[in-house]
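Encoded as structure tokens, the structure appears first; notes follow it.
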Amino acid sequence: MEMMKLQLCYLIVSMACHLVFSFTDPQDATVLQSIKQQWKNLPPSWNNSNDPCGTPWEGVTCSNSRVKALALSSMRLSGKLGDDIGGLTELTSLDLSSNPDLTGSVSSRLGDLRKLNVLILAGCGLSGTIPSELGNLAQLSFLALNSNNFTGEIPASLGNLTNLYWLDLSNNRLSGSIPVSTSTGPGLDLLKKAKHFHFSKNQLLGQIPASLFSSGMVLSHLLLDGNLLTGEIPPTLGNVQTLEILRLDNNALGGGVVILQNLTNLIELNLASNNFSGPLPDLTGMNYLNYANLSNNSFQPSQAPAWFSTLKSLITLALENGPLQGQVPQQLFSLPQIQIVILRKNAFNDTLDMGNNISQQLQLVDLQNNDISSVTLSSGYSKTLLLMGNPVCASSIASTSYCQPQKRSATNCSTSLANCRNITCPSDQKLSPQTCACAYPYEGTIIFRAPSFMDTANCSTFHDLQISLEMKFGLAPGAVVLLNPHFNIDDYLQVGLGLFPTTRNFFNSSEIQRMGFELSSQTFKPPAEFGPYFFIAVPYKFPGQ
């Protein structure tokens, strides 16, 4: 009997000690235990204790016994984003990006996380509508829901997120119009602190609302490409003079384009593949413009505009299937930064004279299918010139390379493995160019939505990107692999990415979560010429998994 009493006392004392010395708030611990039962492939440390803060669980950050952050990017999570997560009421950051097996709809209880500042669900398998309750997250500054399967309309309630600076809803199947405020409800025009509206590659309909824009906004990036938008560009867009990148391409927009002269800070402009008409836009004074694409519209016939010869920062000019006639202005080819000129399928005629002061940066001039009858070439240009489909190719230059099908030199800016020969790795590992040993890299695709260049053969540009990644993540020189940089069908620059561990042959969970968060939250800043990006990781496969 005495022994039983002693055992009972020991049990009571043990339970009391557990309660006293458990660092995690009981409510938060209960929520995480419930999530643990619902999700598969959580980090191993989640099985080491029942105290997520006291005996830390990887991906869980605590302060004063409360769970403040949950970062589980690229963990191969499998399951549903259910109601329980709404119980983590002190949460300020939630990153579940690049977990494609995290499926189903998003619980409306995410709207209970009133202290949330960062919400990243990019690259999951989520579907259904975006819950309007997200509009309750008044402290939210960063919202990334891109690259899922969301349907329905953009919730007007997102206009309540007045601290938001980053809003990415791209690469979904969202439909309906862009919501703006009314006398009875909010809209996206109220997001005065937002710098990024990324709504590309959805099924948005109707006109771009004039009331969406005002002089009080600080928008830097407006990406509406790849939707079903109609109507004209609203003149109020000209009030947003902070705008640097504007992509309206691949819609059904029409009418004249007369408001761009106010947007003197533009760096990238893409209006291609719409139904714009009237005079060609006047881009005079856009002294920071690197990239201009006005291809495949219905502008009225004219000679090349004066700004062809005056935009000193221009790197890429594309106006394919356009209205241009007369001579190609010689000064275009002497712009100091110009690399790519694509003017095929216009009506240029007479003589092509590129002059004697051709920019050293110029890599490609495509004038196919015009009406050019003669060519005057200096010895200063030895790069690609395409003239097929012009009358001049029936003359004495018919047999030259200018009048023959050409493939640009297939310069491969992928990271070389030439120094690592005769090494074969197991199927779940890759060869590290830094160590010439087999390892488990963190891989994915980084997609740049508006780079200022189109020349993927300039490997020094990609070397700069490689170095910036190595420095950001503290990796050894050569531990970052870039694969097959190319422009995809959406005119985005797509680059395969591999990050290799430096001191062993695999990363631990915390390292993967950190790199995933910094790539998904835009903490990593690439060189400026790459522009805005998003990253979708391949869920990391740990040794033995």
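The values are calculated or read from the model by the stated rules, or taken from the named source; none is laboratory data. Treat the numbers as computed from the prediction; the structure is a model and nothing was measured. Positions of Cβ are generated from backbone atoms using ideal geometry, with glycine treated the same way; all protein chains shown enter the neighbour counts. These accessible areas exclude ligands, DNA and RNA; they are computed on the full protein's heavy atoms, side chains included. Shrake-Rupley method; radii C 1.70, N 1.55, O 1.52, S 1.80 Å.
Let me confirm something: among Asn136, Asn99, which residue is of a type in the set (S, T, N, Q) and touching a Leu at 6+ places or on another chain (Cβ under 7 Å)?
On the way: Asn136 fails: touching a Leu at 6+ places or on another chain (Cβ under 7 Å).
Only one candidate passes the filter, namely Asn99.
I need a count of the residues in the range 276-290 that are within 21 Å of Gly254 (Cα to Cα) and either of a type in the set (Gly, Ala, Ser) or free of Cβ contacts under 8 Å to residues at least 24 places away in the same chain (or both).
Of the residues in the range 276-290, 4 are within 21 Å of Gly254 (Cα to Cα) and either of a type in the set (Gly, Ala, Ser) or free of Cβ contacts under 8 Å to residues at least 24 places away in the same chain (or both).
Would you call Leu134 open to solvent by less than 50 Å² (accessible area, probe 1.4 Å), under 30 Å from Pro209 (Cβ atoms) and in a strand (DSSP E or B)? First the steps, then the outcome.
Numbers: open to solvent by less than 50 Å² (accessible area, probe 1.4 Å): yes; under 30 Å from Pro209 (Cβ atoms): yes; in a strand (DSSP E or B): no.
Answer is no for this residue.
Quick check on this structure: which one of Asn163, Asn171, Asn146 is assigned to a loop (DSSP other than H, G, I, E, B), in the same structural domain as Leu116 (by the TED database) and in contact with an Asp or Glu (Cβ under 6 Å, 6 or more places away or on another chain)?
Asn146
Can you name every residue in the range 311-328 that is buried (at least 17 other Cβ atoms within 10 Å of the Cβ) and outside any strand (DSSP E or B)?
Narrowing the range 311-328 to residues buried (at least 17 other Cβ atoms within 10 Å of the Cβ): 311, 314-320, 322-324, 328.
Leu311, Leu314, Ile315, Leu319, Glu320, Gly322, Pro323, Val328, listed by residue number.
Does the range 151-159 include one or more residues that are assigned to a helix (DSSP H, G or I), out of contact with any helix residue (DSSP H, G or I) (no Cβ under 6 Å at 6 or more places or on another chain) and open to solvent by 10 Å² or more (accessible area, probe 1.4 Å)?
Checking the range 151-159: at least one residue is assigned to a helix (DSSP H, G or I), out of contact with any helix residue (DSSP H, G or I) (no Cβ under 6 Å at 6 or more places or on another chain) and open to solvent by 10 Å² or more (accessible area, probe 1.4 Å).
Quick one: Pro526 ticks every box in (1) over 13 Å from the mean Cα position of the chain (by Cα); (2) part of a loop (DSSP other than H, G, I, E, B); (3) at pLDDT 95 or above bar one, so which box is it?
(1)
How many residues, within the range 275-307, are aromatic (Phe, Trp, Tyr) and farther than 14 Å from Gly322 by Cα?
3
Name the single residue, out of those in the range 97-131 being assigned to a helix (DSSP H, G or I) and of a type in the set (D, E, K, R), that is nearest to Ile536 (Cα to Cα).
My answer is Arg109.
Look through the range 471-507, keep the residues that are among the charged types (D, E, K, R) and modelled with pLDDT under 95, and return whichever of them is most open to solvent (accessible area, probe 1.4 Å).
At the first step, the residues of the range 471-507 found to be among the charged types (D, E, K, R) are 472, 490-491, 504.
Now narrow it down to the ones that are modelled with pLDDT under 95: 490-491, 504.
Numbers: Asp490: 43, Asp491: 41, Arg504: 86 Å².
Going through the qualifying residues, I end up with Arg504.
All but one of (1) within 31 Å of the chain's Cα centre (by Cα); (2) of a type in the set (S, T, N, Q); (3) surrounded by 14 or more Cβ atoms within 10 Å (Cβ to Cβ) hold for Asn390; state the number of the condition that does not hold.
(1)
Scan the range 443-462 for residues that are open to solvent by 10 Å² or more (accessible area, probe 1.4 Å), among the hydrophobic types (A, V, I, L, M, F, W, C) and assigned to a helix (DSSP H, G or I) and jot them down.
Scanning the range 443-462 gives a single hit, Cys459.
Could you tell me which of the residues Ser73, Ser97, Ser108 is of a type outside the set (A, V, I, L, M, F, W, C), more than 24 Å from Leu228 (Cβ to Cβ) and open to solvent by 10 Å² or more (accessible area, probe 1.4 Å)?
The match here is Ser108.
Here's a check for you: in the range 480-516, which residue that is part of a loop (DSSP other than H, G, I, E, B), farther than 26 Å from Leu77 by Cβ and not β-branched (Val, Ile, Thr) is nearest to the chain's Cα centre (by Cα)?
Here the residue is Tyr492.
For the range 439-459, give me the residue count where each residue is in contact with a Cys (Cβ under 9 Å, 6 or more places away or on another chain) and either more than 27 Å from Thr384 (Cα to Cα) or at pLDDT 90 or above (or both).
Of the residues in the range 439-459, 1 are in contact with a Cys (Cβ under 9 Å, 6 or more places away or on another chain) and either more than 27 Å from Thr384 (Cα to Cα) or at pLDDT 90 or above (or both).
Any idea how many residues of the range 160-193 are over 22 Å from Asn227 (Cβ atoms) and surrounded by 20 or more Cβ atoms within 10 Å (Cβ to Cβ)?
Total meeting the criteria: 1.
Restricting attention to the range 345-366, which residues are within 31 Å of the chain's Cα centre (by Cα), buried (at least 21 other Cβ atoms within 10 Å of the Cβ) and assigned to a loop (DSSP other than H, G, I, E, B)? Steps first, please.
Within the range 345-366, the first condition is being within 31 Å of the chain's Cα centre (by Cα), and the residues that meet it are 345, 359-366.
Filter once more, so that each one left must be buried (at least 21 other Cβ atoms within 10 Å of the Cβ): 362, 365.
Of everything in the range 345-366, just one residue is within 31 Å of the chain's Cα centre (by Cα), buried (at least 21 other Cβ atoms within 10 Å of the Cβ) and assigned to a loop (DSSP other than H, G, I, E, B), namely Leu362.
Do you know which of the residues in the range 432-442 that are under 28 Å from the mean Cα position of the chain (by Cα) and farther than 16 Å from Lys541 by Cβ is least open to solvent (accessible area, probe 1.4 Å)?
Pro433
Can you name the residue in the range 299-310 that is more than 19 Å from Asp353 (Cα to Cα) and touching a residue at least 24 places away in the same chain (Cβ under 8 Å) and, of all such residues, is least open to solvent (accessible area, probe 1.4 Å)?
Per the stated criteria, the residue is Phe299.
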